[in-house]
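Report on the structure given below.
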Amino acid sequence: MNIETKLPAGTDLIEEIKRLRTERKAVILAHYYQTPDIQDIADFVGDSLELSKKAAATDAEVIAFCGVKFMADTAKILSPEKIVVLPDMEAGCSLEDSCPPEKFKAFREAHPDHIALTYINCSTEVKALSDVIVTSSSAETILQQIPLDQKIIFGPDRHLGGYLARKFNRDMLLWPGVCIVHEAFSETELMKLKAQHPGAPVAAHPECPPAIIDHADYVGSTSGILNFAKTFPGDTLIVATEPHIIHQMEKALPGKQFIGAPGADGNCNCNICPYMALNTMEKLYVALRDLEPRIEIEEGLRLAAKKSLDRMLEMASGAVGQGDLGGAVMTGA
Ligand code: 13P
Ligand code: SF4
């Protein structure tokens, strides 16, 4: 059934979502790439690591996850007793799509002396085949806890993996996946924009290709980029990540100018994540009303995937010493 036909005429979406949130004892979690209306109604807006932590810690009975499917899956893996709804179940991710579990399994089997350090932008099955999950905000901390002589497979984002390999001089085997959104930034157009705004720094997400990263004054997760925006001394910032994050910047710093980095046509619309864009206020309302579409994960698979996520949560806080790592990590896959 078409979603609009399920909405009673004249529904005040904001009021209805608030009412249902209370009635359902729900928490609304949203990623920075969601549209401003969704960000503004959410109880918490954050990057992937922060959203995972919130999902693990909430005492709400329902998590309405406004993000993409691997994020909602992560919430369910960490909080299996909660009902987790995703407004649009088709909200996927090109990185997840680039890494089919059976191919990843074969790749791992071909490199038995490597551990799998895997970006959270992947399926539950790939998490279950991995040793440690990382997010863009935890990857550096986690990589630095892995002994230098330990061989590593990094997937599925070759740009994040390449960035880490260059920064820490680590020779990692990279899975050839990319984010279609960050891949679309154009170095030529970025150079033109920089020329129009001399002195404006560039903040970039590590999913960007190296040609964009090379021009960045700051590289980090969405939350890292937001913090940079709140502290940089100038008045104009060029933002090389999905442009909906600019909503938070404009709210926090109304006097400053935030410009989305351009795509090849000079227009940054191609950098809107098409998967995140599938979630709408209407679908959020329906998800809270019907408690559907709901994330379900088979228990054996969930427990297998939880191991690599738990390890991320421990290592992201620096809780695991190098001594703990060898045995624990190597038994993962
Ligand atoms: P963050 O963890 O930095 O929010 O990244 C999530 C993501 O999908 C970026 O494309
Ligand atoms: Fe996936 Fe890229 Fe969209 Fe993030 S921006 S969810 S990595 S497709």
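Figures for the structure shown
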| read-out | value |
| --- | --- |
| Gyration tensor (alpha-carbon) shape descriptor, the chain, a/c threshold 1.5 | oblate |
| R0 of 22 Å, Cβ-Cβ distance R19-K251: FRET efficiency to nearest 0.05 | 0.35 |
| Check: the stretch 122-281 dipole with +1 on Lys, Arg Cβ and -1 on Asp, Glu Cβ, in debye | 240 debye |
| Protection proxy ranking, peptides 131-138, 190-197, average beta carbon neighbours within 10 Å, highest first | 131-138, 190-197 |
| Karplus (6.51, -1.76, 1.60) ³J(HN,Hα), θ = phi - 60°, over the stretch 218-228, in Hz, Gly and Pro reported as x | 9, 10, x, 5, 4, 5, x, 5, 5, 5, 4 |
| Heavy-atom accessible surface of the chain: percent carbon and sulfur, 1.4 Å | 52 percent |
| For the stretch 77-187: span of alpha carbons on each principal axis (Å, largest first) | 42, 39, 27 |
| Mean Cβ count within 10 Å, highest first, over the residues of peptides 83-94, 48-59 | 83-94, 48-59 |
| Inter-site label distance for A277 and D59 at 7 Å from Cα along Cβ, in nm | 4.1 nm |
| Per-residue HN-Hα couplings for the stretch 9-17 [Karplus 6.51, -1.76, 1.60; θ = phi - 60°; Hz; x = Gly/Pro] | 4, x, 4, 8, 4, 5, 5, 5, 5 |
| Cut-off 12 Å between beta-carbons: net charge of the residues surrounding T35, Lys and Arg +1, Asp and Glu -1 | -3 |
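The values are calculated or read from the model by the stated rules, or taken from the named source; none is laboratory data. Just so it is clear, the structure is predicted and the values come from calculations on it, not from any experiment. Here the Cβ is made from the backbone with ideal geometry for all residues, glycine too, and neighbour counts use every protein chain on show. What goes into the accessible areas is simple: the full protein's heavy atoms, side chains included, and nothing from ligands, DNA or RNA. Shrake-Rupley method; radii C 1.70, N 1.55, O 1.52, S 1.80 Å.
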